[in-house]
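Enquirer: Structure in C-alpha cells, see below.
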Amino acid sequence: SAVSKDALKSSLLQLECHFTWNLVEQDVDLDNLEEKLDDQTEFFTSNNVFNYNLLSYICHLKNSNVEALRNLQKAEEAAKKNNPDEINKKSLVTWGNYAWIYYHMERYEEAQAYVSKVENTCKKLSSSAQGKTHLPEIYAEQGWALLKFGRKYYKRAKNCFENALKNEPNNPEFNAGYAIATYRLENLSPSAGEDGSSTLKSLKRAVELNPADTCLMALLALQFQALGRAYEGEKYIEEAMQKTPDLPYLLRYAAKFYRKKGEVSKAVKILKKSLEVTPESAFLHHQLGQCYKVMMFQQEKRYLSREEVQNLVQLSIFHFKTAAEKNSKFFPAFIDLANMYAKERRYEKAEEAFQKAFQINILFDDDKQFFYYNYGRFQFFHMKSESEAIKYYLEALKIKEESIGRKKSRDSLMKLLGQRIQRGSGDATDFGTLGLVHKLTGEKQEAVKCYEKAIALCPDSEEYLNELCELKLSI
C-alpha cells in the first residue's frame, strides 16, 4: 500500500484519543461499562460525543470494529447537533479513534486520511508552531474516560480536569469533571483525597455553574452529609428530586443519602423506581442489598420473627449476587455477598465469594486490608478458628496504609489476644503476636514489654530475641 505502515503507526501514537490514553481493558468489566454507557447516552444527551467515542473504543476491545465505527458516526452526529459551531474541536478525539480503528482493520489509506484531518485541524486551531495542540476539550474528554475506567485512574482524571481548567477556569463542564474526580478520590479513602472542605468547595462551584445538573446537586448533598451537615445537604436532594424526578442517576444518589440518614424504606422505594429504568445497573443492586442488610439488622435488634429476618437475608443475597454478576470487578459486592452467605451458614458459598473478591486484579491496599479483616472475622465467628483469624488480621496490619480495615483488624487482634491472655491460656506465642501487633502499629515500647514476656515463657526462642534486639536498637 502507498501508505507506509511504520510511518502511520508513529503518527497514530501522536494522536490524543482513547487508543493513546493507556486505558487498560483488564481494569474494567467491559460488558458492564458498555451497559452503563448505553444507559447514559439515553439520559445525558449533552455528553453523548464522549460516550459514543468511549463506546467505540470498548467495541474495539471486544473485537467488533464495525460496531466501533457505528458509534463514531453517532459521535459525529451528536457533535453536529449539540455543538454546531465547534464541530472541529469536538471531533478531534472521534477522528483519532477512526484512524486507529481503520489501522486495526488494515484499511491504511482511510487511517492516514483521518490522521491528516486531525493534523490539519490542529494547525488551524493552534496558534503555536508545533501544530499539536493541547486543547482543554481534549483534556476534559480524557478526564471523563479515565473516570469511567475506575478508581485506579481517578488521580489522572483529576489532573486532566485541572489542565483543562487552566485555560478556562469558568467552564461549567470542566468544573463538573474536576468536582466529581475530587469527590471520588476523597470518598475512596479519606487519606487519599483532599480534606472534605475543599471537595465541598469544588462541588459548590460546579453546582453554581451547572444549575440544571441534578447529579452534581446530589453529590454536594452527600458531601455535606459526610461532613456531618446532612441538614444542609437535604435541601439540595429535595430540589434535585423536584427538577428531575425520573433521572436514574439522581435517584441512586438520593437513595444513598436517605439510607445513610436512616430512612431505609424511603431509599428502597427510590431504588426500585430507578431499577425499572436501568435494570442492569450493578450499583443499584448493590445499594438495594445494603438497604435490606440494614433492615435485617434492625429486625434482629427488635427480635422480630425469624421469617422476616430470613426474608431480608434472601433479598440482600439476591441483590449482592446480581451486582457481582453484572460487574466482575465490584469488590464490595463480593465481600457483602460472602458475609451474607456466612450469616446463612452457607459456608462453601461464602468461601467462594471471598476467593472471587480476592482474585479481582485491581485491588488497592485498603481493599486488601478490608478483605483480610472480613475474612479473619469469617474464620473466627463461623469457622471457629482463632489461629486463622489471627493470621488474616495480621496480614491486614502488615500493609502500611491507614484504613478502616486495618484499624478494625488491630482492634480485633487486641481483643482476641487480650482474651486469650486473660483466660490464662496465653502462651509465649500470644505475647509474641501481641508484640508484633504493637510493632506493626509503631508502639515500640509496648512491643518490647510483650517480647520480654514471650522470652520469659520461652527462653530459647531466637525469633523473640532477635525481634527484641532489633526493637531496642531502633528506639
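The values are calculated or read from the model by the stated rules, or taken from the named source; none is laboratory data. In this text, all values refer to a predicted model and were calculated from it rather than measured experimentally. Cβ coordinates were reconstructed from backbone atoms using ideal geometry, including for glycine residues, and neighbour counts include every protein chain displayed. The protein model used for the area step is the full one, side chains on, heavy atoms only, and it has no ligands, DNA or RNA in it. Shrake-Rupley method; radii C 1.70, N 1.55, O 1.52, S 1.80 Å.
Enquirer: Let's see if you can work this out: charge +1 on each Lys and Arg Cβ, -1 on each Asp and Glu Cβ, no other charges. What is the dipole magnitude of the chain about its Cα centre, in debye to the nearest 20? Intermediate values should be presented prior to the final figure.
Expert: On the way: 68 positive and 66 negative charges, 187 e Å.
With only Lys, Arg, Asp and Glu charged at Cβ, the dipole is about 900 debye.
Enquirer: Using only Cα atoms and rounding to the nearest 10 degrees, what angle (0 to 90) does helix 248-261 make with the longest principal axis of the chain?
Expert: 20
Enquirer: Any chance you could give the angle, 0 to 90 degrees and rounded to 10, that helix 462-474 forms with the longest Cα principal axis of the chain?
Expert: For helix 462-474, the angle is close to 60 degrees.
Enquirer: Something else about it: Between Lys472 and Asp38, what is 0.36 nm times their sequence separation minus the Cα-Cα distance? Round to one decimal in nm.
Expert: Numbers: separation 434, 0.36 × 434 = 156.24 nm, distance 6.11 nm.
Once the chain is fully extended between Lys472 and Asp38, it gains 150.1 nm.
Enquirer: Once you have the Cα-Cα distance between Arg229 and Lys415, take 0.36 nm times their residue separation minus that, and quote the gain in nm to one decimal. Don't skip to the end; give the middle numbers.
Expert: Details: separation 186, 0.36 × 186 = 66.96 nm, distance 3.34 nm.
So the extension gain works out to 63.6 nm.
Enquirer: Find the relative contact order for the chain and round it to a whole percent, using C-alpha pairs within less than 8 Å whose residues are 6+ positions apart.
Expert: Rounded, it is 7 percent for the chain.
Enquirer: On to the next question. Mind checking which of Phe330, Gly143, Ser425 is farthest towards the positive end of the chain's charge dipole, using Cβ charges of +1 (Lys, Arg) and -1 (Asp, Glu) about the Cα centre?
Expert: Ser425
Enquirer: I'd like the distance separating the alpha-carbon centroids of the range 162-178 and the range 401-475, in whole Å.
Expert: 51
Enquirer: 7 Å from Cα along Cα→Cβ at both Lys243 and Lys9: what's the point-to-point distance in nm?
Expert: Simple spin-label model gives 4.9 nm for this pair.
Enquirer: May I pose another question? Can you work out the Karplus-derived ³J(HN,Hα) for every residue in the range 339-350? Use 6.51 cos²θ - 1.76 cosθ + 1.60 with θ = phi - 60°, whole Hz, and x for glycine or proline.
Expert: Working through the residues one at a time gives 5, 5, 4, 4, 4, 7, 6, 9, 5, 5, 5, 4 Hz.
Enquirer: Distance between the C-alpha centers of the range 42-94 and the range 290-316? Whole Å please.
Expert: 45
Enquirer: In addition: Would you mind getting the accessible area per residue of the chain, heavy atoms of the protein chains only, 1.4 Å probe, in Å²?
Expert: Details: 23000 Å² over 475 residues.
Using a 1.4 Å probe on heavy atoms only, each residue of the chain averages 48 Å².
Enquirer: Using a Förster radius of 41 Å, what is the FRET efficiency between Thr441 and Glu308 based on their Cβ-Cβ separation? Nearest 0.05, please.
Expert: 0.50
Enquirer: Which whole-number percentage describes the relative contact order of the range 345-475, with Cα contacts under 8 Å and a sequence gap of 6 or more? Don't skip to the answer; put the middle values down first.
Expert: Working: 135 pairs, mean separation 21.0, N = 131.
Computed value for the range 345-475: 16 percent relative contact order.
Enquirer: Give the residue list of trypsin sites (Lys or Arg not before Pro) in the range 274-367 that are DSSP loop and have at most 13 other beta-carbon atoms within 10 angstrom.
Expert: Arg302, Arg345
Enquirer: May I pose another question? What value, in deg cm²/dmol to 500, does the helix sum -39500 (n - 2.57) over DSSP H runs of n ≥ 4 give at 222 nm once divided by the residues of the chain?
Expert: Numbers: 24 runs with 358 residues, N = 475.
Taken over the chain, the calculation gives -24500 deg cm²/dmol.
Enquirer: Given 0.36 nm per residue, what is the gain on full extension from Glu25 to Ser126 after removing their alpha carbon distance, in nm? Walk me through the numbers before you get to the answer.
Expert: Numbers: separation 101, 0.36 × 101 = 36.36 nm, distance 3.25 nm.
The Glu25-Ser126 span can extend by a further 33.1 nm.
Enquirer: Farthest toward the dipole's positive end in the range 5-132, which of Tyr114, Val66, Gln40, given Cβ charges of +1 (Lys, Arg) and -1 (Asp, Glu) about the Cα centre?
Expert: Selected residue: Tyr114.
Enquirer: Measure nothing but the geometry: give the 0 to 90° angle between the long axis through the Cα atoms of 404-423 and the longest principal axis through the Cα atoms of the chain, rounded to 10°.
Expert: Taking Cα atoms only, the helix is inclined about 10 degrees.
Enquirer: Would you work out what percent of the accessible area of the range 5-132, with all protein chains in place, is carbon or sulfur (probe 1.4 Å)?
Expert: Working: 2690 of 6190 Å².
Summing carbon and sulfur atoms, their accessible area is 43 percent of the total for the range 5-132.
Enquirer: Can I ask one more? Using r as the Cβ-Cβ distance of Ser425 and Leu465, and R0 as 22 Å, what FRET efficiency do you calculate, to the nearest 0.05? Show your work: numbers first, answer last.
Expert: Details: r = 24 Å, r/R0 = 1.08.
Here the calculated transfer efficiency is 0.40.
Enquirer: Given that just one value was derived from the coordinates, which of (1) 32; (2) 17; (3) 41 is percent of Cα pairs over 41 Å apart?
Expert: Label (1) holds the value from this structure.
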